[in-house]
Amino acid sequence: QVQLVESGGGLVQAGGSLRLSCAASGGTFGTYAMGWFRPAPGKEREFVAAISAHGTTTFYADSAKGRFTISRDNAKNTVYLQMNTLKPEDTAIYYCAADVGLHLVVVVIPEEYDYWGQGTQVTVSS
């Protein structure tokens, strides 16, 4: 079993920044790809960003490119999402997830992820 706990959410003004963290326990963190998701209209989860097990490959939703950065520290069993230039439309509960499968590319489909955290609330005011 893999347990994931997000933290770092909060209330910020438009244009501000937040750094989300997701701490993992159980399993072997360094073998899992990790992703960040948020709810979206018509979808249970919308892809935001993902990173490969060794951190060498990242991929971002168009809405996140240039503003968000995903990273990981496998020694700390933690994945991060640095969010800059936040907009009100970024307001959501952000979830981290672990993909234990083997893939040639990072996976952006939430149904392919195996373990999920409880989420952390990000609120961006105008």
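The values are calculated or read from the model by the stated rules, or taken from the named source; none is laboratory data. What you see is a predicted model; the values in this text were computed from it and never measured. A quick note on method: Cβ atoms are made from the backbone with ideal geometry, for glycine too, and the neighbour counts reach across all protein chains shown. The accessibility values were calculated without ligands, DNA or RNA, using every heavy atom of the protein model including side chains. Shrake-Rupley method; radii C 1.70, N 1.55, O 1.52, S 1.80 Å.
Is at least one residue of region 17-30 of a type in the set (Val, Ile, Thr), farther than 20 Å from Ser125 by Cα and surrounded by 14 or more Cβ atoms within 10 Å (Cβ to Cβ)?
In the first step, residues of region 17-30 are kept if they are of a type in the set (Val, Ile, Thr); the result is 28.
Imposing the further condition that a residue be farther than 20 Å from Ser125 by Cα reduces the set to 28.
Next, only the ones that are surrounded by 14 or more Cβ atoms within 10 Å (Cβ to Cβ) stay: none.
No, because not a single residue in region 17-30 is of a type in the set (Val, Ile, Thr), farther than 20 Å from Ser125 by Cα and surrounded by 14 or more Cβ atoms within 10 Å (Cβ to Cβ).
Applying the selection to region 80-125, what residues are open to solvent by 80 Å² or more (accessible area, probe 1.4 Å), part of a loop (DSSP other than H, G, I, E, B) and modelled with pLDDT under 95?
Residues satisfying the conditions are Leu102, His103, Leu104, Val105, Ile109.
Could you grab the pairs with beta carbons closer than 6 Å, sequence gap of 6+ or different chains, first residue in region 29-52 and without any contact (Cβ under 8 Å) to a residue 40 or more places away in the chain, second one crowded, with 18+ Cβ neighbours inside 10 Å and among the aliphatic types (A, V, I, L, M)?
Ala49/Ala64; Ala49/Ile70
How many of the residues in region 31-73 are of a type in the set (Val, Ile, Thr), within 16 Å of Glu112 (Cβ to Cβ) and surrounded by fewer than 17 Cβ atoms within 10 Å (Cβ to Cβ)? Even if it seems obvious, please write down each step before you answer.
Narrowing region 31-73 to residues of a type in the set (Val, Ile, Thr): 31, 48, 51, 56-58, 69-70.
Now restrict to residues that are within 16 Å of Glu112 (Cβ to Cβ): 31, 48, 51, 57.
This time we only want the ones that are surrounded by fewer than 17 Cβ atoms within 10 Å (Cβ to Cβ), so: 31, 57.
Final tally of qualifying residues: 2.
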